[in-house]
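Below is one structure; the comments refer to it alone.
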Amino acid sequence: MNDERIFEAWAPDGALWTPWAKPVLFANLSRFSTPAPSIDQYRSLDVSRIPSARGRTAIVVELPGIDSVLMGLALANLGYRPVPLYNVNVGPNAVIDVDAIAGALRVGADAMREMRVQPEAPPAFLLDANRMRPAKMLGPGKFDNRWIVMPQDFPSGTMLMARGIGEVLVVQRGENPARGDLAHVLLRWQRAGLPILSIDVNGTDRPREMKIEPPSLFRRAWYRVIALAGLRRGNVGGFGAQIPEEYEGGGVSGFA
Amino acid sequence: MSAPWLAARPLGPGAYAAFRRRAIFECCKWDPQVEDTATLAPFPLVVRWETWRELAALAEALASETLSAEAELVECPELHAELGLPRACRAALRRSTPPTIGVARLIRFDFHHTRDGWRISEANTDVPGGLNEASGIAELMAEHYAGVASVGDVATAYARALLDASDRGHVALVHATAYTDDHQVMAYLGRRLTALGGAASLVSPAQLRWQGRRAFLANSSEPVDVLARFYPAEWLPDLPRASQWERFFRDGATPMSNPATAVLTQSKRLPLVWDRLRTPMPTWRALLPETRHPRDVAWRDADEWVLKPALGRVGDGIGIRGVTTPKEWRRIARTVRVFPRWWIAQRRFEATPFATEGGAAYPCIGVYTIDGRAVGAYGRIAVKPLIDWRARDVSILVAGREQSSTNRYTA
């Protein structure tokens, strides 16, 4: 299956939430040469505390690395539409390791086709909770591919409600408040009238309400700095100063 | 005056989905959705051949004036503060060393149709984007309609111009590599360079080293032939000093597209210094709405002025009373009151709407020039008369002629 067919399996034409799937990682899947991971464990994930996909719940999966893909597959099995939102560039010696995510998306494509999720199924937006937690020290020789989410990466609260969504459930590890960038997204939804709930995948509790507080002035200012002048529009772009590949006289090198 | 565009039916859902997917995988369009907006319009904006020729001629005249003005401004440091440039950029421009060598000068002029004919809202002389949409994506759209063609393959024209300026065909594409929206432009250009037999290195500006006055990839002993910069000039001073970022402005012997001296004409405050230049700028004067220092006009009490930051991009920070949200307008007005020398007030014009199935929309046709020759166009269309991040990309196609042949760069 080529990159385009894999993307189609995860974001099929005609599915209600397909337009929000981020294509960049799919467009670069063929550049990953690591062995495909096993994804079978998605079948044994406990999703018994997740509301039925016939209800009015949209889900945000905020789990690290491959766990987010596995949870996406488990939720697809439950009837949700996984929407991969991995808006991450790839390159050699990247500080955010997305090999496992890429491998799971590739292997999981067959499972997605077999599950035949309904086109109007509610969404489960998949995020890598490690998107700002480098596995390697930032510094010379590293490709800095950290990323953040922005409200523009998701449907608006108005759109969610217009399509029958009545609440948003954040699936995460632990009971921590939502991380900074996601908190901005959730806050907008909350202000639009959507209750926000969370569930700890390691716990046993039912989903509980998650009150999103407006970020402090400092955090708001910081978010603005990294969002407008930093991670999304500025100079994090490779500022780890990776050493590019030696020029060999043909083709594309460096971080293509 | 009649509208200069022709009606075209939108693609059906199936055709649109296939078009969108091909745009993603064949043309590196990795931001096809922004919040609730599908960024690729499902229809083209078709213009007559005569219209395209008129726009191309205007853009070429504008380019000639722009490059002449820029050459003058490089030697007039006393005007740089008036342009609203950051202090570090002004310091880099003030050096006595020769300006960095510019090649394959890529500029995009944004045209709007009005009752009084064509007007421009701005020129993107520093790092004009939209190459993917203006090139392969427009060609994908053209496949769905009979009797029309893309007005030109800008990315291929640009790749060819870069290779023409190189000795061995090695071009470093300098950009913010982690930023998907920028990376997609350079990845696409890299593919075009490779297709023409060249070699592309996609790097951040911090991944270059300078030896003498030549740029090298950090671990290479061979100099880069040409640098193509897709990294705004005003961000360069944020780089570590060891990166020698000043060489993007002056004292760089590696040919560069565009040299950072382009920031001199990128500033929207350029009209404020026209009268002190030898270049007469007749086309600019005819097409750009009246542009004033905010302190010189009563913008607070009137609707006819648009507020723009001197170095704003993609419609960021533009204030139009009644179009911008009240909250955003208040924020912009407060900033303009405190920092008027970083802003301009520009007289508002009434753009001709384009009828779509979703209602009236306002097109903007960005015409690219390379070394002064028109090579193609990037279209955007918005539901309100402000082109910002909410605007959709619309393919510009031409009817009445099979293929554009405006210049030697056209594929």
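Among the listed residues A:127, A:105, A:75, identify the single one that is assigned to a strand (DSSP E or B) and modelled with pLDDT of 95 or more.
None of the others qualify; the one that does is A:127.
Just one of the numbered conditions (1) farther than 20 Å from residue A:195 by Cα; (2) free of Cβ contacts under 8 Å to residues at least 40 places away in the same chain is not true of residue A:157; which one?
It fails just one condition, (1).
Give B:373, B:313 a once-over and let me know the one that is modelled with pLDDT under 85 and crowded, with 17+ Cβ neighbours inside 10 Å.
Answer to the selection: B:313.
If you scan the stretch B:157-205, which residues turn out to be assigned to a helix (DSSP H, G or I) and away from chain A (no Cβ under 11 Å)?
Passing the criteria: B:157, B:158, B:159, B:160, B:161, B:162, B:163, B:164, B:185.
Step by step: first the residues of the stretch B:1-21, then only those that are crowded, with 17+ Cβ neighbours inside 10 Å and assigned to a helix (DSSP H, G or I), then the one that is nearest to the other protein chains (Cβ to nearest Cβ). Which residue is that?
B:17
Scan the stretch B:255-275 and give yes if some residue there is over 23 Å from the mean Cα position of the chain (by Cα) and assigned to a loop (DSSP other than H, G, I, E, B), otherwise no. Can you show your working first?
As a first pass, look at the stretch B:255-275 and keep what is over 23 Å from the mean Cα position of the chain (by Cα): B:275.
From the residues that got through so far, the ones that are assigned to a loop (DSSP other than H, G, I, E, B) too are none.
Scanning the stretch B:255-275, I find no residue that is over 23 Å from the mean Cα position of the chain (by Cα) and assigned to a loop (DSSP other than H, G, I, E, B), so the answer is no.
In the stretch B:63-76, is there at least one residue being within 24 Å of residue B:391 (Cβ to Cβ) and assigned by TED's automatic domain parsing to the domain that holds residue B:395?
Yes: the stretch B:63-76 contains one or more residues that are within 24 Å of residue B:391 (Cβ to Cβ) and assigned by TED's automatic domain parsing to the domain that holds residue B:395.
Checking residue B:135 against (1) in a helix (DSSP H, G or I); (2) more than 11 Å from chain A (Cβ to nearest Cβ); (3) out of contact with any Asp or Glu (no Cβ under 8 Å at 6 or more places or on another chain); (4) crowded, with 24+ Cβ neighbours inside 10 Å, which test does it fail?
(3)
If we scan the stretch A:213-224, do we find a residue that is away from chain B (no Cβ under 13 Å), in a strand (DSSP E or B) and at pLDDT 55 or above?
no
Going through the stretch A:190-214 one residue at a time, which ones are surrounded by fewer than 11 Cβ atoms within 10 Å (Cβ to Cβ) and under 21 Å from residue A:67 (Cα atoms)?
A:202, A:204, A:205, A:206
Looking only at residues that are among the charged types (D, E, K, R) and surrounded by fewer than 17 Cβ atoms within 10 Å (Cβ to Cβ) in the stretch B:214-237, which one is farthest from the other protein chains (Cβ to nearest Cβ)?
The residue in question is B:214.
Being surrounded by fewer than 19 Cβ atoms within 10 Å (Cβ to Cβ), of a type in the set (Ser, Thr, Tyr) and away from chain B (no Cβ under 11 Å) is true for just one of A:44, A:30, A:68. Which residue is that?
A:44
Could you count how many residues in the stretch B:294-324 are in a loop (DSSP other than H, G, I, E, B) and out of contact with any helix residue (DSSP H, G or I) (no Cβ under 6 Å at 6 or more places or on another chain)?
Count: 17.
Would you confirm whether or not the stretch A:82-98 contains a residue that is surrounded by 19 or more Cβ atoms within 10 Å (Cβ to Cβ), within 14 Å of chain B (Cβ to nearest Cβ) and free of Cβ contacts under 8 Å to residues at least 24 places away in the same chain?
No: the stretch A:82-98 contains no residue that is surrounded by 19 or more Cβ atoms within 10 Å (Cβ to Cβ), within 14 Å of chain B (Cβ to nearest Cβ) and free of Cβ contacts under 8 Å to residues at least 24 places away in the same chain.
Just name the residue that is surrounded by the most Cβ atoms within 10 Å (Cβ to Cβ) out of those in the stretch A:146-165 that are over 19 Å from the mean Cα position of the chain (by Cα) and assigned to a helix (DSSP H, G or I).
A:161
Restricting attention to the stretch A:172-203, which residues are away from every other protein chain (no Cβ under 14 Å), under 26 Å from residue B:32 (Cα atoms) and either outside any loop (DSSP other than H, G, I, E, B) or at pLDDT below 95 (or both)?
A:179, A:180, A:181, A:182, A:183, A:186, A:187, A:190, listed by residue number.
When the residues of the stretch A:1-20 are filtered to those that are more than 8 Å from chain B (Cβ to nearest Cβ) and part of a loop (DSSP other than H, G, I, E, B), which remaining residue is nearest to residue B:180 (Cα to Cα)?
A:11
Just checking, which of B:327, B:384 is assigned to a loop (DSSP other than H, G, I, E, B) and either out of contact with any helix residue (DSSP H, G or I) (no Cβ under 7 Å at 6 or more places or on another chain) or outside the structural domain of residue B:89 (by TED's automatic domain parsing) (or both)? Step through it out loud before you land on a result.
Values: B:327 fails: assigned to a loop (DSSP other than H, G, I, E, B).
Criteria check complete, one pass: B:384.
Considering only the stretch A:105-118, I want to know if a residue exists there that is within 14 Å of chain B (Cβ to nearest Cβ) and out of contact with any strand residue (DSSP E or B) (no Cβ under 7 Å at 6 or more places or on another chain).
Looking for residues that are within 14 Å of chain B (Cβ to nearest Cβ) and out of contact with any strand residue (DSSP E or B) (no Cβ under 7 Å at 6 or more places or on another chain), one finds none in the stretch A:105-118, hence no.
So, in the stretch B:67-102, exactly how many residues are surrounded by fewer than 20 Cβ atoms within 10 Å (Cβ to Cβ), in a loop (DSSP other than H, G, I, E, B) and touching a residue at least 40 places away in the same chain (Cβ under 8 Å)?
6
The values are calculated or read from the model by the stated rules, or taken from the named source; none is laboratory data. These figures come from a predicted structure and were not determined experimentally. Cβ sites come from the backbone with ideal geometry, for glycine too, and all protein chains shown count toward neighbours.
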